[in-house]
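The structure appears right after this line, and notes come after that.
Every read-out reported here was derived from the displayed coordinates using simple, explicitly stated rules and does not represent laboratory data. All values reported here derive from a predicted model rather than from experimental measurement. Neighbour counts run over all protein chains shown; Cβ positions are idealised from the backbone, glycine included.
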Amino acid sequence: MADVEVEIDENQSDTLLNDVSLEGDITVPGAPQEDEDTLSTLDEPVKDTVLRDMKAVGVKFFHVFYPKESKKLLREWDLWGPLVLCVFLAMMLQGSTERANDLNDGGPQFAEVFVIYWVGAVIVTLNTKLLGGSISFFQSVCVLGYCVLPLTIALIFCRIILVAGHTTALFVVRLILVLIAFCWSTFASTAFLGDSQPPHRKGLAVYPIFLFYFVISWLIISHTHF
């Protein structure tokens with residue numbers, strides 16, 4: 001009888017093991033389901049990954065010019081665009097100071113712009129967080145970095161205008177361009193970050209943003225060398 005019971009228990013165990021699946025998918029509640037045929041980013045070619053990231057950066061640049069969908073930069077944040085703009089600004093502004101030996105050295109100017117760009121964005125973000133803003137650190141840095149795009153374009157036009165010379169009329173034109181870009185950068189950033197700021201503290205949150213873009217604008221308008 002004992003042998004029969006042992007055989008029955010073994011048969012039942014085999015049946016249970018056959019019925020229980022040892023493979024499956026781990027799903028997160030509320031997460032969108034992906035097709036089984038869809039390749040992950042680890043399986044796709046590097047070219048496709050780079051093109052997809054470049055397209056995403058371009059879409060975010062478009063939203064800076066037309067800040068209608070305020071959730072785009074917040075939901076899909078990245079630091080590629082701010083990094084490109086920062087390096088471009090630093091390279092364009094370098095060598096603007098003449099040394100005593102009449103040699104232009106862009107090292108200190110490059111580092112200065114780089115530090116102002118990133119440290120300024122971090123300080124503005126920390127101010128927003130301390131005021132109780134409902135936004136993550138990298139989301140705020142992403143928005144502030146991308147919204148420098150109008151000032152970057154203004155710098156390009158100012159460099160072109162500098163080719164014509166240094167006259168009062170041309171300086172006024174450069175001043176107007178930088179002023180328009182400054183207003184647009186401030187407007188775009190506040191449009192994206194407005195919903196994440198406490199309603200009764202928006203003035204305290206907007207002032208550092210205003211100051212951040214003002215400093216960058218001053219660097220651009222004070223740049224007098226091509």
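Note on residue 56/residue 162: beta-carbon distance plugged into 1/(1 + (r/R0)^6) with R0 of 45 Å gives a FRET efficiency of 0.85. Legend: translational diffusion of the range 132-207 by Stokes-Einstein, Rh = Kirkwood radius over C-alpha pairs, 10 °C, 1.306 mPa s; D = 113 µm²/s. Using R0 = 35 Å, the C-beta based FRET efficiency linking residue 175 and residue 49 works out to 0.25.
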